[in-house]
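Visitor: Submitted below is the structure of interest, expressed as structure tokens.
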Amino acid sequence: MVKLKFIDVSVTLPLDQTFVYEVPGHLQEQCLPGMRVLVPFGRRRVTGYILGELESAGSFKAKKILDVLDDHPLFPFNEIVFFKWVAQYYIHPLGDVIKTALPTGLDRQDVSCVFVTDEGQRAFALGSLSPGEAEVVLFLNEKQGCTLKQLIKNSSNPSITALARKMEKKDLLAVSAVLKREAAGIKTEKFIQHLGKVPTKNIRLSQKRKHILSIVREKQEISLTRLKVHVPTAANLIGPLAEAGFIGIIQRQVFRDPLGDPVEPDTPPTLTDEQATLIETVRENRGKGFIPYLLTGVTGSGKTEVYMRLVADAVESGKAAIVLVPEIALISQTERRFRARFGEKIAVIHSMLTHGERLDQWRKLALGKVSIVIGARSAIFSPLENIGVIIVDEEHDTSYKQETGLRYNARDLAVVRGRMQDCPVILGSATPSVQSYQNVKTQKFVQLTLERRVNQNPLPEITLVDLKKYKDFRGTERIITPELAIQIRACLERGNQALIFLNRRGFATFPACKECGKALNCTFCDVTMTFHRGQESYKCHLCGHTLPATAGCPSCRSKKIQNFGFGTEKIETMLKTMFPDARLARMDQDSTAKKGSVLKLLKSIRNRTVDIIVVSQMLAKGHDFPSITLVGVICADLSLSPPDFRAGERTFQLLAQVAGRAGRGKEPGRVIMQTYNPEHFSIEAARRQDYMEFFNHEAPFRKALMYPPFSRMIQLKISGTDEKKLALQVEQVAGVLNQLLAAAPEIGETIQILGPIEAAIYRISSRFRWQILIKGPSFAHISRLVNAMRVHPEIKAIKQATIAIDVDPYSLM
């Protein structure tokens, strides 16, 4: 093994540069690129990632690493180049890029912890502390010490930081650095082995001990967990047996299993002519290496089968495959279909896994135990070396874009990683993004098309219902029109399932006071609360703040709150009243909050134990339930209202996708689409299921206003808790940007700086928000401008204000 004496390390801190460390002799053989190390940084210890070997430390003396935290690299060497590209493109610290890519809970660093000293305890007992000091000691005694951050967060005293430092000087408190433990760790389990030797000691063999020995003799080796199924008290009985030499006990690493119920192996179906031709095209071009494909086609045209055949090709040639799907609910369906075809060769990665489960899935990939990964956006960082194909299903979906921290787009990174790995990339969608289809038009992508459904069924018949006709009606008919109600009854009488779609959760979305007329707003955000009847509370969907249902008006203290508006919870209640004989289920963020609830609901739909499913966006795309023959869209206009140039695109995609859930089995489908804007081109194109009609209307509008894909954009999101200080920071940033632009006339004419302007929702979680939008035809130019602004001497860090950089932004809210 190569000995690394000096290493290049990226630390988990908001710093752009990497650092040189020396490796002590006893650790040199343990260090490899891709491993974590514990390093001294200033006066604290932090986690670092080994990026490579260096010949020397240069002209300065390098500090020594303290420990190596892994026994195997967490990511392959070739992925380091990918991480560096991501850091540069998204203008984000490299260490934080790697931390984002890895499973949560692997970061180790010193944190400041606060403890009460003996002197502090004596002063508290004597009553000689001030009220503020006594409150701090009482809190710390209850918690038996805590981090300084927790103390500040839980105290109502605005001067708590200064008070804690003062108490430290008086020796009432001790503040010390404590190394934070990892939140995720490797799981080990006891295994019992048959030794086949003469025992070294005689002990009394009870019936249970004899039973244990017979099981171990038969199995030769068995885990303690499985042994306890036969003998529940085995944990207490195996120790004496091991001491006597009857059995051996060893600790071994085991992988937690996040996969669902076992699935029956499937037989690959006969391909349609379209599928076969498409797959053969990709196979013929495999020798050409990297080619990005856009796979378009109607809903139900068999894209998933195409994906599985291409993954099988990669695996058979000894390569790996990455399959990205946008929603956790969709991962379950995709994972089941892939397991039926490939058995246990797959790993899954998504945010609903526990820290330990996700770490185990990551290690299985890093150790080469599996070669197929299925997951949400973070799966694009999977530690695979020899990738044969990357697939992005529903490539248009906005959930591929991360909106906090490292604001990456997994779809775009799939294309980048495919180019680095020299492998084909398949972006699939029945409603592709304008960006991707424009790449087809400019011949950056190759288009593949599936124009017919696999079962030869026609696309569902879509009827628009103008809600303006019912604006003066009272009761349920204003929301569930007679046209929709008649079709639901007909669907139920035929023994089929109906899917009712509304992209708004909760029971009532606009609670207002009957006395003064003011809305019940969130205390911390500039939005109204939403009433959730099942939880008997008002909830803010941005920060999570809740109020009991008995809460009064914050302005006039009246208890008379009228709940206006409607969400999925209210629709479910209405349908229960209208169709009391039907079995209903609701699938939204509230009903699927518990682990396993998504799988349970999907199973009930698949097994047809529900008749009507009320859903939000979670079930609007990708899912295949043959018994759903009716789709009802309660209000097709909701996604048209945000002040965003992509609003029309999102509306078309959402409506076309949810309509595609109908008629995927033997019976034809029907869609009732309720709308206040039946003449809007996005809604009309969705009714016709005509993507080209939508694209040909949308693209000229984007081009005229120089919006993506005809320009590149970077958004600066500036936020803070102090409104006045934030205004100073915004003024600084805007001034420097305009100053830099004026100093570069050769690019000044092509770059536009829009803003600064208050965000559409000005305050979220007590943070005030401003935005600056920078756009132009050249990404290199706008990126250079933003980088120059970051390091400009006039940009002074202002406490409690942050500048977030969003490259290729999706949300302009």
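Visitor: Work out how much length ASP526 to ASN202 would gain on full extension: take 0.36 nm times their residue separation and subtract the Cα-Cα distance, in nm to one decimal. Display every interim value, and only then the final one.
Guide: On the way: separation 324, 0.36 × 324 = 116.64 nm, distance 7.57 nm.
Full extension from ASP526 to ASN202 adds 109.1 nm.
Visitor: In whole Å, what three semi-axes, largest first, describe the equivalent ellipsoid of the stretch 278-356 built from its Cα gyration tensor (square root of 5 times each eigenvalue)?
Guide: Working: eigenvalues 112, 53, 30 Å².
Ellipsoid semi-axes (Å, largest first): 24, 16, 12.
Visitor: What list of ³J(HN,Hα) couplings, whole Hz, do you get for the stretch 247-252 from phi and the Karplus terms 6.51, -1.76, 1.60, once you set θ to phi - 60° and write x for glycine and proline?
Guide: Karplus values, whole Hz, x for Gly and Pro: 9, x, 10, 10, 9, 9.
Visitor: Only four residue types carry charge here, +1 at the Cβ of Lys and Arg and -1 at the Cβ of Asp and Glu. Report the dipole size of the stretch 757-807 about the Cα centre in Debye, rounded to the nearest 20. It would help to have the intermediate numbers written out before the result.
Guide: Working: 8 positive and 3 negative charges, 28 e Å.
My answer is approximately 140 debye.
Visitor: Amide H neighbours of ALA662 under 5 Å, counting only residues 5+ apart in sequence or on other chains, H built in-plane at 1.01 Å?
Guide: Hits under the 5 Å cutoff: none.
Visitor: Shifting gears a bit: Filter the cross-link list LYS99/LYS149; LYS99/LYS603; LYS288/LYS441; LYS84/LYS153 down to pairs whose alpha-carbon distance in this structure exceeds 28 Å. Walk me through the numbers on the way to the answer.
Guide: Working: LYS99/LYS149 21 Å; LYS99/LYS603 35 Å; LYS288/LYS441 21 Å; LYS84/LYS153 35 Å.
Checking Cα-Cα distances, LYS99/LYS603; LYS84/LYS153 exceed 28 Å.
Visitor: Could you calculate the FRET efficiency of SER59 with LYS576 from 1/(1 + (r/R0)^6), where r is the beta carbon distance between them and R0 is 56 Å, rounded to 0.05? Write down the numbers at each step before the final one.
Guide: Working: r = 76 Å, r/R0 = 1.35.
Plugging the Cβ-Cβ distance into 1/(1 + (r/R0)^6) gives 0.15.
Visitor: Once you keep just the Cα pairs under 8 angstrom separated by 6 or more residues, what percentage relative contact order results for the stretch 648-712?
Guide: Values: 37 pairs, mean separation 20.3, N = 65.
Relative contact order of the stretch 648-712: 31 percent.
Visitor: Tell me, what HN-Hα J-couplings in whole Hz come from the Karplus equation 6.51 cos²θ - 1.76 cosθ + 1.60 at θ = phi - 60° for each residue of the stretch 782-791, using x for Gly and Pro?
Guide: Those phi angles translate into 6, 5, 5, 5, 5, 5, 5, 5, 4, 9 Hz.
Visitor: How big is the charge dipole of the chain about its Cα centre, in debye rounded to the nearest 20, if each Lys and Arg gets +1 on its Cβ and each Asp and Glu gets -1 on its Cβ? List each step's numbers first, then the result.
Guide: Numbers: 110 positive and 84 negative charges, 441 e Å.
Dipole of the chain, to the nearest 20 debye: 2120 debye.
Visitor: Which translational diffusion coefficient, to the nearest whole µm²/s, is obtained for the chain from the Stokes-Einstein equation, given a Kirkwood hydrodynamic radius over C-alpha pairs, 20 °C and 1.002 mPa s? Intermediate results must be reported in sequence, preceding the final value.
Guide: Numbers: Rh = 30.5 Å.
In µm²/s, the coefficient rounds to 70.
Visitor: Shifting gears a bit: What does the charge count near GLU684 come to, summing +1 for each Lys or Arg and -1 for each Asp or Glu among other residues with Cβ under 14 Å from its Cβ?
Guide: On the way: positive: ARG687, ARG688; negative: ASP466, ASP637, GLU679, ASP690, GLU693, GLU698.
Net of charged neighbours comes to -4.
Visitor: Summarise the accessible area of the stretch 86-150 (1.4 Å probe, protein heavy atoms) by the percent that is carbon and sulfur. Could you put the intermediate results ahead of the total?
Guide: Numbers: 1590 of 3110 Å².
Within the stretch 86-150, the accessible surface is 51 percent carbon and sulfur.
Visitor: Same structure again: What percent of all Cα-Cα pairs in the stretch 229-360 falls into each 10 Å bin, going from 0 up to the bin containing the maximum distance?
Guide: Final binned percentages: 9, 29, 27, 16, 9, 7, 3.
Visitor: Turning to a different aspect of this structure: Could you check the spin-label model distance between SER159 and GLU731? Points 7 Å from the Cα along Cα→Cβ, value in nm.
Guide: Placing both labels 7 Å beyond Cα along the Cβ direction yields 2.9 nm.
Visitor: Could you list the GluC sites (Glu not before Pro) in the stretch 1-62 that lie in coil according to DSSP, counting only those with at most 15 other Cβ atoms within 10 Å of their Cβ? Working shown, then result.
Guide: On the way: sites: GLU22, GLU29, GLU53, GLU55; in loops: GLU55.
Within the stretch 1-62, the qualifying GluC sites (Glu not before Pro) (loop, at most 15 other Cβ atoms within 10 Å) are GLU55.
Visitor: Can you compute the charge dipole magnitude of the stretch 440-496 about its Cα centre, using +1 on each Lys and Arg Cβ and -1 on each Asp and Glu Cβ, nothing else charged? Give it in debye, rounded to the nearest 20.
Guide: 260
Visitor: Okay, moving on. Quote to one decimal, in nm, the extra length available between ARG608 and ARG286 on full extension: 0.36 nm per residue of separation minus the C-alpha distance between them. Mind dumping the intermediate values first?
Guide: Numbers: separation 322, 0.36 × 322 = 115.92 nm, distance 4.18 nm.
Stretched fully, the ARG608-ARG286 segment lengthens by 111.7 nm.
Visitor: I'd like the trypsin sites (Lys or Arg not before Pro) in the stretch 562-648 restricted to DSSP loop residues with at most 15 other Cβ atoms within 10 Å, sorted by number.
Guide: In loop regions of the stretch 562-648 (DSSP not H, G, I, E or B), the sparsely surrounded trypsin sites (Lys or Arg not before Pro) are ARG583, LYS594, LYS595, ARG608.
Visitor: Evaluate the Debye formula for the stretch 41-122 with equal point scatterers sitting on the alpha carbons, no solvent, and hand back log10 of I(q)/I(0) at q = 0.15 Å⁻¹, in q order, two decimals.
Guide: Taking Cα atoms of the stretch 41-122 as identical point scatterers yields -0.74.
Visitor: Please report, largest first and rounded to whole Å, the three semi-axes of the ellipsoid equivalent to the stretch 553-609, where each semi-axis is the square root of five times an eigenvalue of the C-alpha gyration tensor.
Guide: Working: eigenvalues 196, 58, 9 Å².
In descending order, the three semi-axes are 31, 17, 7 Å.
Visitor: So, one more: Once both labels are modelled 7 Å past Cα along the beta-carbon direction, what's the ASP466-TRP85 spacing in nm?
Guide: 5.2
Visitor: Another question about this same structure. In whole percent, and with a 1.4 Å probe on the protein chains, what portion of the accessible area of the stretch 706-813 is carbon and sulfur?
Guide: Answer for the stretch 706-813: carbon and sulfur cover 57 percent of the accessible area.
Visitor: Beta carbons within 10 angstrom, averaged per residue: use that to sort the peptides 384-395, 143-154, 364-375, highest first. Don't jump to the answer; show the numbers that get you there.
Guide: Numbers: 384-395: 24.3, 143-154: 14.3, 364-375: 20.2.
Highest mean packing first, the order is 384-395, 364-375, 143-154.
Visitor: Also, I was wondering about something else. Rounded to the nearest 0.05, what FRET efficiency do GLN456 and PHE115 give with R0 = 51 Å and r taken as the Cβ-Cβ distance? Could you check?
Guide: Numbers: r = 73 Å, r/R0 = 1.42.
The calculated FRET efficiency here is 0.10.
Visitor: Could you pull out the pairs from LYS170/LYS796; LYS560/LYS594; LYS468/LYS570; LYS401/LYS621 whose alpha carbons sit more than 23 Å apart here? Don't jump to the answer; show the numbers that get you there.
Guide: Numbers: LYS170/LYS796 34 Å; LYS560/LYS594 33 Å; LYS468/LYS570 21 Å; LYS401/LYS621 17 Å.
Check vs 23 Å cut-off fails for LYS170/LYS796; LYS560/LYS594.
Visitor: So, R0 is 35 Å and r is the distance between the beta-carbons of LYS559 and CYS146; what FRET efficiency does that work out to, to 0.05?
Guide: Details: r = 38 Å, r/R0 = 1.09.
Result of the calculation: an efficiency of 0.35.
Visitor: Positive end of the dipole of the stretch 135-248, charges at C-beta (+1 Lys, Arg; -1 Asp, Glu), about the Cα centre: which of ILE203, ILE238, GLN144 has its Cα farthest in that direction?
Guide: ILE203
Visitor: Something else about it: What is the gain in length, in nm to one decimal, between SER778 and THR233 on full extension, counting 0.36 nm per residue of separation less the C-alpha to C-alpha distance?
Guide: Values: separation 545, 0.36 × 545 = 196.20 nm, distance 6.93 nm.
Separation in residues times 0.36 nm, less the Cα-Cα distance, equals 189.3 nm.
Visitor: Which listed residue (ALA366, TYR408, HIS350) has the Cα farthest towards the positive end of the charge dipole for the stretch 337-415, taking +1 on Lys and Arg C-beta and -1 on Asp and Glu C-beta about the Cα centre?
Guide: In the stretch 337-415, that residue is ALA366.
Visitor: Exactly which trypsin sites (Lys or Arg not before Pro) in the stretch 751-813 are in a DSSP loop and have at most 10 other Cβ atoms within 10 Å?
Guide: On the way: sites: ARG763, ARG767, ARG769, LYS775, ARG784, ARG790, LYS796, LYS799; in loops: LYS796, LYS799.
Filter output for the stretch 751-813: LYS796, LYS799.
Visitor: Would you mind checking which residues have amide H under 5 Å from VAL392's amide H? H placed 1.01 Å from N; only 5 or more apart, or other chain.
Guide: The answer is LEU324, ILE426, LEU427, GLY428.
Visitor: Return the long-range amide H neighbours of THR530 (sequence gap of 5 or more, or a different chain), with a cut-off of under 5 Å between placed amide H atoms.
Guide: Distant-sequence amide H within range of THR530: LYS539, CYS540, HIS541.
Visitor: Can you list the lysines whose alpha carbon sits under 18 Å from that of LYS61, skipping same-chain ones fewer than 8 residues off?
Guide: Counting by Cα, and skipping residues close in sequence, LYS61 has these lysines nearby: LYS5.
Visitor: When ligands, DNA and RNA are left out and all protein chains stay put, how many square angstrom of accessible area per residue does the chain have with a 1.4 Å probe? Mind showing how you got there, number by number?
Guide: Details: 37410 Å² over 813 residues.
The answer is 46 Å² per residue.
Visitor: Measure off, as a whole percent, the carbon and sulfur share of the 1.4 Å-probe accessible area of the stretch 262-323, all protein chains present. Before the final figure, lay out the partial values.
Guide: Values: 1380 of 2720 Å².
Within the stretch 262-323, the accessible surface is 51 percent carbon and sulfur.
Visitor: Percent of Cα-Cα pairs per 5 Å bin, from 0 to the last occupied bin, for the stretch 303-406, please list those.
Guide: Percent of Cα pairs in each bin: 2, 13, 25, 27, 20, 9, 3, 0.
Visitor: Once phi is turned into θ = phi - 60°, what whole-Hz ³J(HN,Hα) does the Karplus curve with 6.51, -1.76 and 1.60 give for every residue of the stretch 205-215, x standing for Gly and Pro?
Guide: 9, 6, 4, 5, 5, 5, 5, 4, 4, 5, 5
Visitor: I'd like to know which of LEU812, THR304, LEU38 lies farthest towards the positive end of the charge dipole of the chain, counting +1 on Cβ of Lys and Arg and -1 on Cβ of Asp and Glu.
Guide: Of the listed residues, the answer is LEU38.
The values are calculated or read from the model by the stated rules, or taken from the named source; none is laboratory data. None of these values were measured; they are calculated from a predicted model. Here Cβ is always computed from backbone atoms with ideal geometry, including for glycine, and neighbour counts include all displayed protein chains. These area figures cover heavy atoms from the full protein model, side chains too; ligands, DNA and RNA do not enter into them. Shrake-Rupley method; radii C 1.70, N 1.55, O 1.52, S 1.80 Å.
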